[in-house]
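A.B. asks: Starting off with a structure, shown below.
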């Protein structure tokens, strides 16, 4: 697959999955959705690029370790941004994000980041399986 298509497809799947889950969790404002989108624009291309690069230089087990480290770094970076930039007080109180907002701490932002990234990673894996079967 063309490298540009890989980057675009990866970003679109990631952004769509994370924005959708963020919406379901209560991040519904345009500002919150924009933040989720921009955070992914910050981390996704780097993770994809370095993951592809690792495939050229590392054995499969090394590639898995590199991917785990890259995903962990993305989670931490995104959690940092969410902790600093998400307007926690404006989150709807009856939503999952609203419950997290009551604990407005770094662990709340980390949990949000882990949830969003795990979901988008799973969706990406599912898309890859579907594409391979075509």
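No lab work stands behind these numbers, since they all come straight from the coordinates. Predicted, not measured: the structure shown is a model, and the values here were computed from it. Every residue, glycine as well, gets a Cβ built from its backbone with ideal geometry; the counts of neighbours run over all protein chains shown.
A.B. asks: Distance in nm between label sites at residue 65 and residue 4, each 7 Å beyond Cα in the beta-carbon direction?
C.D. replies: Distance between label points: 3.6 nm.
A.B. asks: Can I ask one more? In degrees, nearest 10, range 0 to 90: what is the angle between the Cα axis of helix 3-25 and the longest Cα principal axis of the chain?
C.D. replies: Tilt of helix 3-25: around 30 degrees.
A.B. asks: Using 0.36 nm per residue, how much length does the chain from residue 128 to residue 12 gain when fully extended, once their Cα-Cα distance is taken away? Write out the running numbers ahead of the final one.
C.D. replies: Values: separation 116, 0.36 × 116 = 41.76 nm, distance 1.32 nm.
Taking 0.36 nm per residue and subtracting the Cα distance, the gain is 40.4 nm.
A.B. asks: I'd like the orientation of helix 106-133 relative to the chain: the angle between its Cα long axis and the longest Cα principal axis, in ° from 0 to 90, rounded to 10.
C.D. replies: Taking the Cα atoms of the chain, the angle to 106-133 is about 40 degrees.
A.B. asks: If I fit a long axis through the Cα atoms of helix 30-57 and take the longest principal axis of the Cα atoms of the chain, what angle between them do I get, 0 to 90°, rounded to 10?
C.D. replies: Taking the Cα atoms of the chain, the angle to 30-57 is about 20 degrees.
A.B. asks: So what is the calculated 222 nm ellipticity per residue for the chain, using -39500 (n - 2.57) for each DSSP H run with n of 4 or more, over all residues, to the nearest 500 deg cm²/dmol? Please report the intermediate quantities before stating the final value.
C.D. replies: Details: 5 runs with 111 residues, N = 134.
Computed ellipticity for the chain at 222 nm equals -29000 deg cm²/dmol.
A.B. asks: Which length gain, in nm to one decimal place, applies between residue 52 and residue 77 when the Cα-Cα distance is subtracted from 0.36 nm times their residue separation?
C.D. replies: Numbers: separation 25, 0.36 × 25 = 9.00 nm, distance 2.00 nm.
Working it through step by step, the gained length comes to 7.0 nm.
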